[in-house]
1. Show which lysines lie in cross-link reach of Lys295 when reach means a straight Cα distance below 27 angstrom and same-chain residues fewer than eight apart are skipped.
2. Using a Cα-Cα cut-off of under 21 Å, which lysines could be cross-linked to Lys272, ignoring same-chain neighbours fewer than 8 residues away?
3. List the chymotrypsin sites (Phe, Trp or Tyr not before Pro) within segment 1-99 that DSSP assigns to loop and that have no more than 11 neighbouring Cβ atoms inside 10 Å.
4. In square nanometres and to one decimal, what's the mean projected area of the convex hull around the Cα atoms of segment 336-393?
5. Please work out the C-alpha center-to-center distance from segment 277-293 to segment 105-179 and express it in whole Å.
6. What is the pair-distance distribution P(r) of segment 209-328, computed from all Cα-Cα distances in 10 Å bins starting at 0, with each bin given as a whole percent?
7. With a Cα-only, solvent-free Debye model of segment 1-122, what are the log10 I(q)/I(0) values at q = 0.20 Å⁻¹?
8. From the convex hull of the Cα coordinates of segment 100-166, what is the mean projected area in square nanometres?
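Quick note: the coordinates plus some simple rules give every number you see, no bench work behind them. All figures in this text were calculated on a predicted structure; none of them were measured in a lab. FYI the Cβ positions are ideal-geometry reconstructions off the backbone, even for glycines, and counts take in every protein chain you see.
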Amino acid sequence: MVVAGSLIAALALGVRATFGLFIDPITDSIGVSKGTIGLAIAIQNLMWGLSQPFAGAVADRFGTARVLAVGAVGYVGGIVIMSQATSGADLLVSGFVIGVATGAASFAVVLAAIGRVASDEKRSMALGVTTAMGSVGQIALLPLTRWLLDRNDWQMVLQVLAAVAAVIMIATPFLRTMRPNSEEGTQESAAAPSVSLRQELRRAASSRSYVLLNAAFFVCGFHVTFIATHLPGYVNQLDQPGSTASTALALVGLFNIAGSLAAGYLGSRHSKTNLLAGIYFGRAVVISVFLLAPKSAGATIVFGAAMGVLWLSTVPLTSGIVAQQFGTQHAGTLFGVVFLSHQLGAFLGAWLGGELADATNSYVSSWWIAIALGLFATVMHLLIDEGPVPEPPPPAERGLRISPAGGVAAIALVAGSAAAVAPARATAESTLDTPAIFCPIAGTHS
């Protein structure tokens, strides 16, 4: 099951990781702006997040294999639509279809299923292995896609990627025994008292720690999607070879294997919240060094390797916390809600990066927003209790509560507001200096 789940994660994540390489070719070919393409990719991430809780709930109820198979068919169809795009509207439609399909054919559904069958002692490591092996697709497909784009038109390359995504359907039958309501369900599922999804959602909404986990995972989505989507454009602005970005992103995938395996191993022995705080703080430091260091292809490649260690190492730890807080019966749905928060951050990272690049001809402000959000997530994880969530108090005793959706919306509002103010007068990378970065934030006009 872990092997099949790893293959699905590798294909789904690997194909999506290549979309940033298509921004410049599509812009040159059909005359749309980077902001439009960024919005299409942002819609992918938003719809992925919105569909994820429903896909998780269906998988929890009817079985993982069926959900993955339907999602794979939609994924292939969305990529084909993208390959035939002649306008910005076509790209937006493809983004919608790919996003909804990815919610069903994604590693979040796979991780919830594997987490359900793994024992408490082995769960963190099993999730880490699956997440790590998901990077194999990124390592293989990024250089291959770059090589194909250098020799063929982008439409044909997308059709090749659609064929690659179709292989997901071959692996889905191997996860059919993960259906929790079947006779082959886990011993835990048979022994544990049945709790309705409505009860679990009510318990989640009353938990401050679950709300904070949602808010922190929002930051992960912003980071990985902004970098995966816009690092090629940033590297191009620095006049570095086009292969530099694809190499750096491939190294992200390679070093993510080590990072995810380490996270899975350490998560079974140490506090997951403390480990996550360290990961987000490390991201803030790595991005800061990359932004302020002398610009060179070597620095970009080192950045890719460093970010790879911190890339998806958040996923097994976050998924593991959800299982610890609520058990595994409704893990697909509850992790799906947290993943929705991740994808709201992803939407902002993809869309905002493109909009700011168009408006200012610079990615500098987006990088600084990523740093600030990394520090924010560090603090959030230090406040999270990763133990089992108690039953909510009676309504009269609850007092003021913030729902997970409300917490995510608040984070999105804060991040969006900061994004609108901070880059108002950002300068291009070649003229970086301290006043140019910080005066707009302080409201000072130079």
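1. Counting by Cα, and skipping residues close in sequence, Lys295 has these lysines nearby: Lys34.
2. Filter leaves Lys122.
3. none
4. It is 5.5 nm².
5. That distance is 27 Å.
6. 13, 43, 29, 13, 3, 0
7. Here the Debye-derived log intensity ratios amount to -1.02.
8. 5.3
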